[in-house]
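The values are calculated or read from the model by the stated rules, or taken from the named source; none is laboratory data. Small disclaimer: the values here were computed from a predicted structure and weren't measured. Quick reminder, even Gly has a Cβ in these numbers, built from the backbone with ideal geometry, and neighbours come from all protein chains shown. Remember, those area values only see protein heavy atoms, side chains included, never the ligands or the DNA or RNA. Shrake-Rupley method; radii C 1.70, N 1.55, O 1.52, S 1.80 Å.
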Amino acid sequence: QVQLVESGGGLVQPGGSLRLSCAASGSIFSINAWGWYRQAPGKQRELVAIITSGGTANSADSVKGRFTISRDNAKNTVYLQMNSLKPEDTAIYYCNAQLKVGILNPISSYWGQGTQVTVSS
């Protein structure tokens, strides 16, 4: 069983910062890539940022220069540092891991339960 547990969400004023964490636990052979997604009320889930096993990162245009994704391979953890937050960043944020549970297993997708981020004065 693999579990992804997110933390770090909350209420913050516009211009503020938050740091999200997502830790994977269970039977994990390798994590090929991590992603952060978000879903605002009435909208589809969208990709925020991704980072590969080699450390190559990319992010959506809407968050470039404000959000930074990073990973700690030793801890099977991914982070999302969010600065200069705007009200339009309000959403439930989900982490995703593309991982293998065994050397012969295919890459499978796992999701966290989501953490609420609210940007409001």
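Of all residues in segment 1-54, which are closer than 18 Å to LYS86 by Cβ and among the β-branched types (Val, Ile, Thr)?
First pass over segment 1-54, keeping only residues closer than 18 Å to LYS86 by Cβ: 8-20, 36-43, 46-49.
Listed by number, the residues that qualify are VAL12, VAL48.
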Being free of Cβ contacts under 8 Å to residues at least 60 places away in the same chain and of a type in the set (S, T, N, Q) is the requirement here; does SER30 meet it? no
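Residues that are among the hydroxyl-bearing types (Ser, Thr, Tyr) and surrounded by fewer than 17 Cβ atoms within 10 Å (Cβ to Cβ): find the strands (runs of 3 or more DSSP E) completely inside segment 50-98 holding 1 or more of those.
Values: elements: 57-59, 67-72, 77-82.
Where strands (runs of 3 or more DSSP E) fall fully within segment 50-98 and carry at least 1 residues being among the hydroxyl-bearing types (Ser, Thr, Tyr) and surrounded by fewer than 17 Cβ atoms within 10 Å (Cβ to Cβ), they are 67-72.
The rows are residues; the columns are (1) in contact with a Cys (Cβ under 9 Å, 6 or more places away or on another chain); (2) among the hydrophobic types (A, V, I, L, M, F, W, C); (3) open to solvent by 30 Å² or more (accessible area, probe 1.4 Å).
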residue: VAL2; (1), (2), (3): no, yes, no
residue: SER7; (1), (2), (3): yes, no, yes
residue: LEU11; (1), (2), (3): no, yes, yes
residue: SER25; (1), (2), (3): no, no, yes
residue: PHE29; (1), (2), (3): no, yes, yes
residue: ASN32; (1), (2), (3): no, no, yes
residue: TYR37; (1), (2), (3): yes, no, yes
residue: GLY42; (1), (2), (3): no, no, yes
